[in-house]
Ligand SMILES: [Zn+2]
């Protein structure tokens with residue numbers, strides 16, 4: 001059947017490309033788990049090479065370009081969202097992995113990448129940003145019903161600038177279909193994993209994180225925390241939690257908090273790995289467990305309008 005020959009050749013060529021394409025290598029074991037070396041390389045790039053990333057400065061912009069480049073390399077639909085923070089300008093870096101089911105909504109995973117003017121912000125918060133990038137790398141190749149949106153926030157150190165802009169300007173429908181938000185801040189120092197929340201609207205998400213941490217044999221404590229980016233999502237009624245690390249008898253972000261000594265050498269990557277494990281398990285759990293929403297009722301008037 002000669003008329004099928006081009007088609008067969010085409011299929012053969014496609015199979016060959018899929019099987020032998022560079023990067024399509026299932027034996028690369030390191031790619032399926034949190035990679036401490038990759039995480040530390042991100043911290044070295046942000047808090048070492050770039051350094052202080054104060055809101056509105058060229059260095060904050062350089063960090064945004066670094067992050068956007070990383071997300072693009074993972075094949076994610078990436079954009080930089082410019083935004084005002086008081087009299088300054090900052091930017092969020094947003095990377096989207098579309099879900100299989102348009103009605104399943106979106107799970108947001110975020111971390112701020114800016115620092116204060118006094119220090120290079122390795123723990124606060126290149127550590128959370130590095131876990132965000134690792135989570136994006138690991139989740140990018142999995143299949144989920146909901147959309148996953150990864151956001152590196154600018155301007156956190158000035159009134160949660162990036163996250164309040166992002167959450168505040170989410171269209172009402174997107175706020176409504178949001179499944180939850182998990183924020184990472186100061187995840188590279190201390191001995192204890194903690195889950196922060198603003199109010200009871202996050203109860204279900206808190207419980208998921210607690211259950212998944214227990215399944216991983218990672219003890220966690222719960223605390224009310226309002227001064228990080230998850231609070232901007234709670235503000236618009238999206239269930240939101242913070243994952244962070246601390247040590248008893250120390251302030252929340254450790255002894256180097258907002259100082260010139262918050263350098264890459266002080267970061268404990270084992271702490272980051274535990275936080276990453278809780279994050280990944282909770283995202284997968286949340287994506288698999290979507291309670292019925294009333295979207296049908298919300299969409300019904302639009303459908304009628306179109307008839
Ligand atoms: Zn922070």
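Here are the numbers for the structure shown:
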item	result
Residue tally, condition surrounded by fewer than 23 Cβ atoms within 10 Å (Cβ to Cβ), within 16 Å of the ligand (Cβ to nearest atom) and assigned to a loop (DSSP other than H, G, I, E, B), over segment 189-209	2
Helices (runs of 4 or more DSSP H) enclosed by segment 104-188 - at least 3 residues per element that are under 10 Å from the mean Cα position of the chain (by Cα) and modelled with pLDDT of 95 or more	128-139
The listed residue being free of Cβ contacts under 8 Å to residues at least 60 places away in the same chain and out of contact with any strand residue (DSSP E or B) (no Cβ under 9 Å at 6 or more places or on another chain), out of 39, 45, 68, 33	45
Of the criteria (1) more than 23 Å from residue 120 (Cα to Cα); (2) at pLDDT 95 or above, which one residue 267 fails	(1)
Residue count, segment 84-103 (criterion: more than 20 Å from residue 66 (Cβ to Cβ) and part of a strand (DSSP E or B))	1
Residue pairs meeting the criteria (Cβ under 8 Å; at least 6 apart or on separate chains; first touching a residue at least 12 places away in the same chain (Cβ under 8 Å) and closer than 27 Å to residue 179 by Cα, in segment 240-266; second within 11 Å of the ligand (Cβ to nearest atom) and part of a strand (DSSP E or B))	240/183; 241/183; 242/183; 242/184; 243/183; 243/184; 244/184
Residue under evaluation residue 229, criteria (1) within 16 Å of the ligand (Cβ to nearest atom); (2) out of contact with any strand residue (DSSP E or B) (no Cβ under 9 Å at 6 or more places or on another chain); (3) farther than 22 Å from residue 48 by Cα, criterion not met	(2)
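The values are calculated or read from the model by the stated rules, or taken from the named source; none is laboratory data. Since the structure is predicted, the reported quantities are computational estimates derived from the model, not experimental observations. Note: ideal-geometry Cβ built from the backbone for every residue, glycine included; neighbour counts use all protein chains shown.
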